[in-house]
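Only one structure is covered here, and it is reproduced in the block below.
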Amino acid sequence: MAIMGADDIDAAVALTAASLRELADRDWSVPAAGLDWSCYDTAVHIGGDFTAYAGQLTGRATDAYVPFEITADPGTTPEGLVRIVEATGGLLSAVVRTAPEGLTGWHPFGSAGGDGFAAMGVLETLLHTYDILGALGVPGWHGSAPLAAKVLDRLFPHTPRGEDPWQDLLWATGRAERPGLPALSAWRWYAEPLRGERVVLCEVSPRVADDLHAEGTGGFAWADGGPGEGTRAAAGGIVRARDKGVYRPGWGQYAIVRAADGLAVGAIGFHTEPDDEGGVEIGYDVVDSARGQGYATEALCVLADWAFRRPEVATLRARVDEHNDASRRVLVRAGFRETGTVSYERGRPAPPATPPAG
């Protein structure tokens, strides 16, 4: 995984500022390409992202954004907007450069440390520069391929790689098509995916679940045969939970992404949050073309390890069809024991023994 830092922010801000400054004589009141905001508002938004990300770290935010925002003074010119981008980008760069090791801040797409917020800042300024320039007469602006490659590695583990990282990033954010891959109708990044050796688990948020349930891709490129009907049905459960006001982040569905090529090969997740006794049921679905290769077992182990790091979890449970021998083998390999004809469970691992004193 790429580690991003202050130097990356500085490079992205310098590229943004130079590119936008060349068009400071244009009318920035027009809508930015593909957005509801004007070019003026989009530039202010870049500055707002920079300051918000810096504030998440300096404010030690754990569950929401620090409640403040920035605005441009009335009458600010495009040149003034570029200066806002430079100044606020410098703030984020300084915070990332001096952030203590281990410091993290909250973000709706996953908590992150300095490297994660650096990647988010680079992503926001490069993409929105693309949007602004597209409206001001420079369509198809090509940002930095090296920075795009690092952003993809840090925030988009689910994106297949092509020959040009910049085009890959535009596709991953719904701004372009790629040969053989449909344009995305929903997308997001993942600041805190669950990583195994061969798979990465990316949480399916309600917005992504909406798209999956409605026959979309959920922002993923799928292996042949995916997404399966079980995956789409589970996504529908997330949508219903959200609509009822009972959705709880973390305790839903995760896409299983093959690390080698960025293709989603299935999904895994919890049916509900843990009950009063600490029990929670888990299920999984792998596309036919990726079965028999150990992906379900590894994904189950990764998600089980995540669950048992939560103090509210005591037992993981799973149910299988009576004649589904392959699924039974997955559960056994992942440390589950049979408790009935179609049921299995795995208890919290025992804490390591304390060595005797002396």
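In region 202-252, what residues are among the hydrophobic types (A, V, I, L, M, F, W, C) and not in a helix (DSSP H, G or I)?
Going through region 202-252, the residues among the hydrophobic types (A, V, I, L, M, F, W, C) turn out to be 202, 204, 208-209, 212, 214, 220-223, 233-235, 238-239, 241, 246, 251.
Across region 202-252, the qualifying residues are C202, V204, A214, F220, A221, W222, A223, V246, W251.
Please work out which one of (1) over 23 Å from K150 (Cβ atoms); (2) in contact with a helix residue (DSSP H, G or I) (Cβ under 7 Å, 6 or more places away or on another chain); (3) in contact (Cβ under 8 Å) with a residue 24 or more places away in the chain; (4) not in a helix (DSSP H, G or I) is the condition Y40 fails and give its number.
Single failed check for Y40: (4).
Report, by residue number, each residue of region 128-148 that is assigned to a helix (DSSP H, G or I) and under 19 Å from V82 (Cα atoms). It would help to see each step written out before you state the result.
Looking only at region 128-148, we keep the residues that are assigned to a helix (DSSP H, G or I), and these are 128-135, 145-148.
Result: H128, T129, Y130, D131, I132, L133, G134, A135.
Just one of the numbered conditions (1) surrounded by fewer than 22 Cβ atoms within 10 Å (Cβ to Cβ); (2) within 25 Å of A172 (Cβ to Cβ) is not true of G266; which one?
Here G266 clears every test but (1).
Could you identify the single residue in A299, A314 that is touching a strand residue (DSSP E or B) at 6+ places or on another chain (Cβ under 6 Å) and either under 22 Å from A235 (Cα atoms) or open to solvent by 10 Å² or more (accessible area, probe 1.4 Å) (or both)?
Values: A314 fails: touching a strand residue (DSSP E or B) at 6+ places or on another chain (Cβ under 6 Å).
The unique qualifying residue is A299.
Condition test on G80, is it without any contact (Cβ under 8 Å) to a residue 24 or more places away in the chain, open to solvent by less than 20 Å² (accessible area, probe 1.4 Å) and not charged (D, E, K, R)? Walk me through it before giving the result.
Details: without any contact (Cβ under 8 Å) to a residue 24 or more places away in the chain: yes; open to solvent by less than 20 Å² (accessible area, probe 1.4 Å): yes; not charged (D, E, K, R): yes.
Answer is yes for this residue.
Collect the residues in region 207-231 that are within 13 Å of G269 (Cβ to Cβ) and open to solvent by 20 Å² or more (accessible area, probe 1.4 Å), keeping them in residue-number order.
If the condition is that a residue be within 13 Å of G269 (Cβ to Cβ) and open to solvent by 20 Å² or more (accessible area, probe 1.4 Å), then G230 is the only one that fits.
For region 1-26, which residues satisfy the criterion of being open to solvent by 20 Å² or more (accessible area, probe 1.4 Å), over 23 Å from A149 (Cβ atoms), touching a residue at least 24 places away in the same chain (Cβ under 8 Å) and part of a loop (DSSP other than H, G, I, E, B)?
A24, D25, R26
Have a look at V66, V96 and point out the one that is at pLDDT 95 or above and surrounded by 19 or more Cβ atoms within 10 Å (Cβ to Cβ).
Within the list V66, V96, the selection yields V96.
The values are calculated or read from the model by the stated rules, or taken from the named source; none is laboratory data. Given the structure is predicted, the values throughout are model-derived calculations rather than measurements. Note that we place each Cβ from the backbone using ideal geometry, even for glycine, and neighbour counts take in every protein chain shown. With ligands, DNA and RNA removed, areas are computed over all heavy atoms of the protein, side chains included. Shrake-Rupley method; radii C 1.70, N 1.55, O 1.52, S 1.80 Å.
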